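Chemist: What follows is a structure written as structure tokens; I'll ask about it next.
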Amino acid sequence: MVLAGNFSPNVAEANGFREVLSWVLALGINKVIFELDSKLVVDAVLANVLDMSEFGIIISNCVSLVNLAHGFSVQFVKRQANGVAHALARASCMHASPCTWQVPPVFVRALLSADETSFEQ
């Protein structure tokens, strides 16, 4: 999704998370662990403190969406550990229209294998 405007990085991260939550809920998927590399967004979602700023209102929307589903959790991961998300984000710039993959695309399979290997060790 493209949102017109000039957003601060924190507002952009929060907007992105809100859109992902909406998309996953619309698909009817439960039991999802959302790993974000924005510590500020994760901390704000987990704290669930009333904040009337633009960022705070988006975070309140995110909290409401997280609470709508069964088994959603949010956690922080360092950017280096979030290679799959970054590969998908870079690839999204190459597509003129939205696309959904039912299986992992070829360009992220190696990253997924590396993640799986690191969990086994």
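The values are calculated or read from the model by the stated rules, or taken from the named source; none is laboratory data. Quick caveat: nothing in here was measured; it's all calculated off a predicted structure. Cβ placement follows ideal geometry from the backbone for every residue including glycine, while neighbour counts extend to all protein chains displayed. Ligands, DNA and RNA are stripped out before the accessible areas are found, and what is left, the full protein with its side chains, is counted by its heavy atoms. Shrake-Rupley method; radii C 1.70, N 1.55, O 1.52, S 1.80 Å.
Chemist: Against the definition (open to solvent by less than 40 Å² (accessible area, probe 1.4 Å) and in a helix (DSSP H, G or I)), how does Val74 come out, yes or no? Reasoning before the result, please.
Modeler: Working: open to solvent by less than 40 Å² (accessible area, probe 1.4 Å): yes; in a helix (DSSP H, G or I): no.
Judged against the criteria, Val74 is not a match.
Chemist: Consider only pairs whose beta carbons are under 9 Å apart and that are at least six residues apart or on different chains; among these, list those whose first residue lies in segment 95-121 and is assigned to a helix (DSSP H, G or I) and whose second residue is at pLDDT below 70.
Modeler: Partner pairs satisfying both residue conditions: Asp115/Ala81; Ser118/Ala81.
Chemist: Exactly one condition in (1) open to solvent by 60 Å² or more (accessible area, probe 1.4 Å); (2) modelled with pLDDT under 80 is not met by Ala89; state its number.
Modeler: (1)
Chemist: Considering only residues of segment 21-62 that are open to solvent by less than 60 Å² (accessible area, probe 1.4 Å), part of a helix (DSSP H, G or I) and of a type in the set (Val, Ile, Thr), which is nearest to Pro9 (Cα to Cα)?
Modeler: Among residues in segment 21-62 that are open to solvent by less than 60 Å² (accessible area, probe 1.4 Å), part of a helix (DSSP H, G or I) and of a type in the set (Val, Ile, Thr), the one nearest to Pro9 (Cα to Cα) is Val41.
Chemist: Select from segment 92-120 the residues that are of a type in the set (Val, Ile, Thr) and either under 17 Å from Ile33 (Cα atoms) or open to solvent by less than 70 Å² (accessible area, probe 1.4 Å) (or both) and write down the one among them that is modelled with the lowest pLDDT. Talk me through it step by step, then tell me what you get.
Modeler: Taking segment 92-120 and keeping what is of a type in the set (Val, Ile, Thr), we get 100, 103, 106, 108, 117.
From what's left, either under 17 Å from Ile33 (Cα atoms) or open to solvent by less than 70 Å² (accessible area, probe 1.4 Å) (or both): 108, 117.
Numbers: Val108: 80, Thr117: 53.
Here the residue is Thr117.
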